[in-house]
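What follows is a single structure, written as structure tokens, with notes after it.
The values are calculated or read from the model by the stated rules, or taken from the named source; none is laboratory data. Values in this document were obtained by computation on a predicted structure and should not be read as measured data. Note: ideal-geometry Cβ built from the backbone for every residue, glycine included; neighbour counts use all protein chains shown.
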Amino acid sequence: LTPSQRFCSSFMGFLSSKGYSEGFKSSLWAFGVPSWDVFFRNANAGAPPGSAYQSPLAMSPAGGVAVPQFSSMVAAQPNVEKLVEDHLAVQSLIRAYQIRGHHVAQLDPLGIMDADLDSCVPTDIITSSDKLGFYGLEESDLDKVFRLPTTTFIGGSESALPLKEIIRRLEMAYCQHIGVEFMFINDLEQCQWIRQKFETPGVMQFTLEEKRTLLARMVRSTRFEEFLQRKWSSEKRFGLEGCESLIPALKTIIDKSSENGVENVIMGMPHRGRLNVLANVIRKELEQIFCQFDSKLEAADEGSGDVKYHLGMYHRRINRVTDRNITLSLVANPSHLEAVDPVVQGKTKAEQFYCGDSDGKRVMSILLHGDAAFAGQGIVYETFHLSDLPSYTTHGTVHVVVNNQIGFTTDPRMARSSPYPTDVARVVNAPIFHVNADDPEAVMYVCNVAAEWRATFHKDVVVDLVCYRRMGHNEMDEPMFTQPLMYKQIKKQKGVLLKYAEKLIAEGAVSRQEYEEEIAKYDKICEEAYARSKDEKILHIKHWLDSPWPGFFTLDGQPKSMSCPSTGLTEENLTHIGGIASSVPVEDFTIHGGLSRILKGRADMVKKRTVDWALGEYMAFGSLLKEGIHVRLSGQDVERGTFSHRHHVLHDQNVDKRTCIPMNHLSPDQAPYTVCNSSLSEYGVLGFELGFAMASPNALVLWEAQFGDFHNTAQCIIDQFICPGQAKWVRQNGIVLLLPHGMEGMGPEHSSARPERFLQMCNDDPDVMPTITEDFAVRQLYDCNWIVVNCSSPANYFHVIRRQILAPFRKPLIVFTPKSLLRHPEARSSFDEMLPGTHFQRVILEDGVAAERPEEVKRLIFCTGKVYYELTKERKNRGMEGTVAIARMEQLSPFPFDLVKAESERYANADLVWCQEEHKNQGYYDYVKPRIRTTIQRAKPVWYAGRDPAAAPATGNKNTHLVEVRRFLDTAFGLDAFKDQQ
């Protein structure tokens, strides 16, 4: 082909993709090939830019293509060239509206703010005829008919439209009360799907029945808030005034999702509008909500409880629109706004897992957000980045942003750097639908589309309800202090219910009498519920459970006994699991040579009836799996283990992505084992695993930090959910936190898991010696808020993990796991310590020479964790095995008062010492000292041996580290070491 033919062939392909007819293309080809042939010849001959083109009319009649002189060249044929340029311009114009039309949409109900914080109109959006010049078009072109490309649906059944009609339809689609952001999505099918939903003429039409239903929902939403305001005008409730369309929005999403097969919807939201959602979406009994406003109401259940706008709920009911059963749950959460996001996702993932919903068609999540928090809280970003990860995806979440256009008292222009609060969602290609919340029909349409998107593509989608906050931050707040102009406008603003009712009355969809009757009917419902609420004298927090565990707390209809069976296993079981742990149960699977040595080492240990830390963990997990308990281990690099000790996922060295999980080959009827490397997130992933553990008590869910102090970044989940969760929400949770801990010269950020923080939050009383009963150990566990352990032997770790499931209740378990002990030759356990009849040892007592003659012991050292091995080595080196006894406190909380008392009395002549490797103001000392003294009735002092107080958890200098170790060991064994402490 000549250069002109190649060019024109490519151009014809472009025209085909845009839907131009064959006749039109043939005309251009006949005209274009000779014309462009002259162009290329002139250009090759050195014609200056803009001068190489020559009209075919100026060529020789015989069709010759001799290169003319430059002086004889004439201008291009104007009509054909402009025709092509104008069609391309119209395509650019259509694309501009698709990309930037939302910037000029009428989104703010108040008409005073720009939802995108920018009052400038994009240059390529046609707001007046003088802007046509940007595209090379003129006002006279408005009546010209242009063929529409296949990338738009504004034509409906028509393939061509006049320019002014094209612009009008684009404005109707993209610049009214809905603003659509989607052109950043890199999937053509998805973009086309969205275009069709918003561009097709007449698509936003509703039946009379749909309009009447929408009005009824608006009545309920609005009158609920007005009822609360009348009855409790001085109470905080974080009402929904200014965004009443949220209730029909959520109900629309749920209706459409139910229609598409969803049976279970799990929701999370901040406090604004929570009571309304509970009443009108979850359908919580109104009297249960109203009775909480009674200041004289007494709490019947144990725990501190929480304010009414933090509580959750679980309810199974019939969806009246679809006549299908649907389960709705609203997860309880604190005032830490977006902290509930990953918890909801984890609970959703668990519900999908347990019902075999592998593609999210039966279980889904809806997350509600505030605009300022959505833009400002990093957990939102972390949660979005879990949305497509294989072990964390919930197959699409519908996010609804209640966009107040303000955060407490902070103007959005001071609160975010992005145009919209929703821009964080763009990172996962989630379409974003902005909508004016004062247009209920637009809200309803957008929510229908959002639910359909989730059902079709199983990806996240965002609905941005642009609204306002009529009452200020809460009902006691005075917003005029900081937003005077906004609230002057709000005071003039007619309520959305009244506006919509007037619209329907004008249309003839309802009569005024019908509207007033609907209001009277709901008001009567509220009044009757209010009267019933007066009979409530006691608040049962259990009515507000968001994750009930039916049947778990009873056995044959009776409460379970406070006892825990032996956590040991038969020799046959231990050997079988050990064999799997040391093998590759898949044929033709090539493993790394170093891993072959590790597996051989495991096999040798099994033959010798011993386990190290990794094998002890394998035994615990494997045994639970064989008993039908699902085990899920998640965190950064947990598949191999940060310290290369675990290797639960084997990788074929020759085939990419081919892996083997031996623990899933234990037995045919075992439960599945899920082990998954997480994204580099602590806050989001720990919240996710907490939610997963919330769904069922019959699963062991563990989160491992890469290093123990990395939990710092997840402190909000620990402080607000894990530690006080049962007290606030009467919700037990058995999540396990594995936190590598140990002072080994690795510097301040890789040493301490900050045990002092966990111990400070334990709820046992240091000054009260409890009554010792037969079931004391189990009763203590039942009464505590969480369990804190620092195991020094693989067998004890094995037992404490199994105890999590065999206990008749669930409590969070904090385990300070070792680093150097993973391979320490003395940190081994015999099968004998794991056989039937064995249990977790809360304190491992002295069993050496000192125990044979306790009256000769001069010093009893209590310690915990790996420092025990340093103490025993030092004791041996000093020849003090007969005069110094060492007891390991494996369970720190709840505190083992009974065992500490017995051990102290056993060595009645000994000084009591607490030895730790941590600094004095950190670690365990401040926790254990008062409890030991309470145990011994303050009969003698409790001396301290350890590092001096410090600001940082550990030194980063190896020599300083060794000096500190030598110093505290000298203190622990020195005869006059404690004189300075007196």
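Kindly indicate whether Ala451 is of a type in the set (Gly, Ala, Ser), touching a Lys or Arg at 6+ places or on another chain (Cβ under 6 Å) and modelled with pLDDT of 95 or more.
For Ala451, the condition - of a type in the set (Gly, Ala, Ser), touching a Lys or Arg at 6+ places or on another chain (Cβ under 6 Å) and modelled with pLDDT of 95 or more - is met.
Do we have any residue at all in the stretch 624-631 that's touching a strand residue (DSSP E or B) at 6+ places or on another chain (Cβ under 8 Å) and over 27 Å from Asp832 (Cα atoms)?
The answer is no, given that none of the residues of the stretch 624-631 is touching a strand residue (DSSP E or B) at 6+ places or on another chain (Cβ under 8 Å) and over 27 Å from Asp832 (Cα atoms).
Looking only at the stretch 496-510, count every residue that is β-branched (Val, Ile, Thr) and in a helix (DSSP H, G or I) and tell me the total.
Of the residues in that region, 2 qualify.
Only residues that are among the acidic types (Asp, Glu) and either surrounded by 12 or more Cβ atoms within 10 Å (Cβ to Cβ) or in a loop (DSSP other than H, G, I, E, B) (or both): list them for the stretch 113-166, please.
Asp114, Asp116, Asp118, Asp124, Glu138, Glu139, Asp141, Glu158, Glu165
Name the one entry in Glu263, Glu244, Glu235 that is at pLDDT below 95, acidic (Asp, Glu) and in the same structural domain as Asp464 (by TED's automatic domain parsing).
After ruling out the rest, the residue left standing is Glu235.
Yes/no matrix, rows are residues, columns are (1) surrounded by fewer than 23 Cβ atoms within 10 Å (Cβ to Cβ); (2) over 16 Å from Val461 (Cβ atoms); (3) in contact with an Asp or Glu (Cβ under 7 Å, 6 or more places away or on another chain); (4) in the same structural domain as Asn474 (by TED's automatic domain parsing):
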| site | (1), (2), (3), (4) |
| --- | --- |
| Ile318 | yes, yes, no, yes |
| Thr322 | yes, yes, yes, yes |
| Ser329 | no, yes, yes, yes |
| Asn333 | no, yes, no, yes |
| Glu351 | no, yes, no, yes |
| Cys355 | yes, yes, no, yes |
| Ser358 | yes, yes, no, yes |
| His369 | no, no, yes, yes |
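Can you tell me which residues in the stretch 623-643 are crowded, with 22+ Cβ neighbours inside 10 Å and farther than 16 Å from Cys676 by Cα?
Of everything in the stretch 623-643, those that are crowded, with 22+ Cβ neighbours inside 10 Å and farther than 16 Å from Cys676 by Cα turn out to be Ser623, Leu624.
Of all residues in the stretch 404-433, how many are over 21 Å from Leu188 (Cα atoms), in contact with a Gly (Cβ under 8 Å, 6 or more places away or on another chain) and at pLDDT 95 or above?
0
Got at least one residue in the stretch 185-195 being of a type in the set (D, E, K, R) and assigned to a helix (DSSP H, G or I)?
Residues of the stretch 185-195 of a type in the set (D, E, K, R): 187, 189, 195.
So of that shortlist, the ones also assigned to a helix (DSSP H, G or I) come out as 189, 195.
Yes, some residue in the stretch 185-195 is of a type in the set (D, E, K, R) and assigned to a helix (DSSP H, G or I).
Let me confirm something: among Met562, Met605, which residue is closer than 26 Å to Ser820 by Cα and either in contact with an Asp or Glu (Cβ under 7 Å, 6 or more places away or on another chain) or loosely packed, with under 15 Cβ neighbours inside 10 Å (or both)?
One residue alone meets the criteria, Met605.
What single numbered condition from (1) surrounded by fewer than 13 Cβ atoms within 10 Å (Cβ to Cβ); (2) under 30 Å from Glu833 (Cβ atoms); (3) polar (S, T, N, Q) fails to hold for Ser583?
(1)
When you scan the stretch 583-610, how many residues do you find that are closer than 23 Å to Phe831 by Cα and in a helix (DSSP H, G or I)?
11
Scan (1) at pLDDT below 85; (2) farther than 25 Å from Cys447 by Cα; (3) assigned to a helix (DSSP H, G or I) for the single condition Tyr309 breaks and write down its number.
(2)
Can you tell me how many residues in the stretch 449-501 are over 25 Å from the mean Cα position of the chain (by Cα) and either among the basic types (Lys, Arg) or assigned by TED's automatic domain parsing to the domain that holds Asp108 (or both)?
Summing the residues that are over 25 Å from the mean Cα position of the chain (by Cα) and either among the basic types (Lys, Arg) or assigned by TED's automatic domain parsing to the domain that holds Asp108 (or both) in the stretch 449-501 gives 7.
For the stretch 74-112: of the residues being over 30 Å from Glu241 (Cα atoms) and part of a loop (DSSP other than H, G, I, E, B), which is modelled with the lowest pLDDT?
Val74
Taking Ile366, is it closer than 27 Å to Glu210 by Cβ, of a type in the set (Val, Ile, Thr) and at pLDDT below 95?
no
Is it fair to say Glu210 is among the acidic types (Asp, Glu) and crowded, with 22+ Cβ neighbours inside 10 Å?
no
Tell me which residues, restricted to the stretch 246-295, are of a type in the set (Asp, Glu) and part of a loop (DSSP other than H, G, I, E, B). Quick ask: steps written out before the conclusion?
First, the residues of the stretch 246-295 that are of a type in the set (Asp, Glu): 255, 259, 263, 285, 287, 294.
Correct list: Glu263, Glu285, Asp294.
Can you tell me which residue among Val424, Val398, Val446 is in a helix (DSSP H, G or I) and within 21 Å of the chain's Cα centre (by Cα)? Walk me through how you get there before you give the answer.
Values: Val398 fails: in a helix (DSSP H, G or I); Val446 fails: within 21 Å of the chain's Cα centre (by Cα).
Residue meeting the stated conditions: Val424.
Condition check: among the small types (Gly, Ala, Ser) and out of contact with any Ser or Thr (no Cβ under 8 Å at 6 or more places or on another chain). Does Ala908 satisfy that?
Considered against the rule, which asks whether it is among the small types (Gly, Ala, Ser) and out of contact with any Ser or Thr (no Cβ under 8 Å at 6 or more places or on another chain), Ala908 comes out as yes.
Is it true that Gly133 is on the phi > 0 side of the Ramachandran plot and either outside the structural domain of Ile99 (by TED's automatic domain parsing) or out of contact with any helix residue (DSSP H, G or I) (no Cβ under 7 Å at 6 or more places or on another chain) (or both)? I'd like the intermediate steps shown before the answer.
Details: on the phi > 0 side of the Ramachandran plot: no; either outside the structural domain of Ile99 (by TED's automatic domain parsing) or out of contact with any helix residue (DSSP H, G or I) (no Cβ under 7 Å at 6 or more places or on another chain) (or both): yes.
Taking the combined requirement at face value, the residue does not satisfy it.
Inside the stretch 773-805, can you point out the residues that are farther than 21 Å from Pro697 by Cβ and either at pLDDT 95 or above or not polar (S, T, N, Q) (or both)?
Hits for the stretch 773-805 are Glu774, Phe776, Asn790, Cys791, Ser792, Ser793, Pro794, Ala795, Asn796, Tyr797.
Is the stretch 806-814 home to any residue that is at pLDDT 95 or above, within 17 Å of Asp612 (Cα to Cα) and surrounded by 17 or more Cβ atoms within 10 Å (Cβ to Cβ)?
no
Condition first: surrounded by 24 or more Cβ atoms within 10 Å (Cβ to Cβ) and either at positive phi or outside any loop (DSSP other than H, G, I, E, B) (or both). Can you find one or more residues in the stretch 229-245 that meet it?
The answer is yes, given that some residue of the stretch 229-245 is surrounded by 24 or more Cβ atoms within 10 Å (Cβ to Cβ) and either at positive phi or outside any loop (DSSP other than H, G, I, E, B) (or both).
Which one is farthest from Glu756 (Cα to Cα) among residues in the stretch 866-895 that are of a type in the set (Gly, Ala, Ser) and in contact with a strand residue (DSSP E or B) (Cβ under 9 Å, 6 or more places away or on another chain)? Give the steps one after another, and end with the answer.
In the first step, residues of the stretch 866-895 are kept if they are of a type in the set (Gly, Ala, Ser); the result is 879, 882, 885, 887, 893.
Imposing the further condition that a residue be in contact with a strand residue (DSSP E or B) (Cβ under 9 Å, 6 or more places away or on another chain) reduces the set to 885, 887, 893.
Working: Ala885: 25, Ala887: 20, Ser893: 11 Å.
Ranking the qualifying residues of the stretch 866-895, first place goes to Ala885.
Which residue is surrounded by the fewest Cβ atoms within 10 Å (Cβ to Cβ), if the candidates are limited to the stretch 449-495 and must be β-branched (Val, Ile, Thr) and assigned to a helix (DSSP H, G or I)?
Looking at residues that are β-branched (Val, Ile, Thr) and assigned to a helix (DSSP H, G or I), I get Thr456.
Would you call Leu555 under 25 Å from Leu625 (Cβ atoms) and either outside the structural domain of Tyr314 (by TED's automatic domain parsing) or not polar (S, T, N, Q) (or both)? Spell out the reasoning first.
Details: under 25 Å from Leu625 (Cβ atoms): yes; either outside the structural domain of Tyr314 (by TED's automatic domain parsing) or not polar (S, T, N, Q) (or both): yes.
Yes.
Does the stretch 769-802 hold any residues that are assigned to a helix (DSSP H, G or I), of a type outside the set (Asp, Glu) and closer than 15 Å to Ser893 by Cα, and which are they? Step through it out loud before you land on a result.
Of all residues in the stretch 769-802, those assigned to a helix (DSSP H, G or I) come to 776-783, 794-802.
Those still in the list that are of a type outside the set (Asp, Glu) too: 776-782, 794-802.
Passing the criteria: Phe776, Ala777, Val778, Arg779, Gln780, Leu781, Tyr782, Val800.
Need a quick list: helices (runs of 4 or more DSSP H) entirely within the stretch 332-384 having at least 3 residues that are β-branched (Val, Ile, Thr).
Once the helices (runs of 4 or more DSSP H) in the stretch 332-384 are filtered for at least 3 residues that are β-branched (Val, Ile, Thr), what remains is 340-354, 378-384.
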